[in-house]
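Enquirer: The structure is given below, and queries will be raised subsequently.
The values are calculated or read from the model by the stated rules, or taken from the named source; none is laboratory data. As the structure is a computational prediction, the values presented were derived from the model and not from experiment. Positions of Cβ are generated from backbone atoms using ideal geometry, with glycine treated the same way; all protein chains shown enter the neighbour counts.
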Amino acid sequence: MKKSNVIMILIAFVGFIILFTYYNSEKTETSDFFKSDEELFMKSFLPIEMNKEKYLGEVADSSNHMNAYMNFGNVCLPMLDQWKDKIRIGDYVSKKKDSLSLFIQGKTKKYYLHFDSKNFDGAPLPCNCSKLSKNF
């Protein structure tokens, strides 16, 4: 094999590693590279605790394709299709640690929203709202 071919292969490999790392930078552990979107979402969603956090409206992640999030002050949850239009501005939301359900307290009713993993298409991960910069 020619020396120039070996150099091209090494350059291509280094480029692949850089791009792979860049596109997977949200995944904090090496083992996260091989987890499904659902597993990564659950890993971030389950530890969240919320105690009557007021829904303040939507914010967008300007650094990630303007993904919509529900703003609860400190915690921002991605706007999943299964939650869309079920939580209104001013509603209070509670969530126990390791729970897959949100307890919603609206002006006229109280109800639970359960996370439906069967109809989950993937979503950005929940995060601290200070990481998001642009409001809708």
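Enquirer: Evaluate region 117-126: report whether one residue or more is assigned to a strand (DSSP E or B) and either more than 19 Å from residue 54 (Cα to Cα) or free of Cβ contacts under 8 Å to residues at least 60 places away in the same chain (or both).
Expert: Of all residues in region 117-126, those assigned to a strand (DSSP E or B) come to none.
No, the conditions are met nowhere in region 117-126.
Enquirer: What number goes with the only condition from (1) touching a strand residue (DSSP E or B) at 6+ places or on another chain (Cβ under 9 Å); (2) part of a loop (DSSP other than H, G, I, E, B); (3) closer than 22 Å to residue 118 by Cβ; (4) touching a residue at least 24 places away in the same chain (Cβ under 8 Å) that residue 89 does not pass?
Expert: (3)
Enquirer: Same structure, new question: Name the single residue that is farthest from the chain's Cα centre (by Cα) among those in region 94-108 being part of a loop (DSSP other than H, G, I, E, B) and surrounded by 12 or more Cβ atoms within 10 Å (Cβ to Cβ).
Expert: At the first step, the residues of region 94-108 found to be part of a loop (DSSP other than H, G, I, E, B) are 96-100, 106-108.
Restricting the remaining residues to those that are surrounded by 12 or more Cβ atoms within 10 Å (Cβ to Cβ) gives 96, 99-100, 106.
Numbers: 96: 18, 99: 16, 100: 14, 106: 24 Å.
Restricting to residues being part of a loop (DSSP other than H, G, I, E, B) and surrounded by 12 or more Cβ atoms within 10 Å (Cβ to Cβ), the top hit is 106.
Enquirer: Confirm whether residue 19 is in the same structural domain as residue 69 (by TED's automatic domain parsing), within 30 Å of residue 128 (Cβ to Cβ) and either surrounded by 10 or more Cβ atoms within 10 Å (Cβ to Cβ) or at pLDDT 85 or above (or both).
Expert: No; evaluated as a whole, the condition is false for this residue.
Conditions (1) at pLDDT below 85; (2) surrounded by 10 or more Cβ atoms within 10 Å (Cβ to Cβ); (3) within 12 Å of the chain's Cα centre (by Cα); (4) not in a helix (DSSP H, G or I), marked per residue:
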| residue | (1), (2), (3), (4) |
| --- | --- |
| 33 | yes, yes, no, no |
| 43 | no, yes, yes, no |
| 58 | no, yes, no, yes |
| 64 | yes, yes, yes, yes |
| 68 | no, yes, yes, yes |
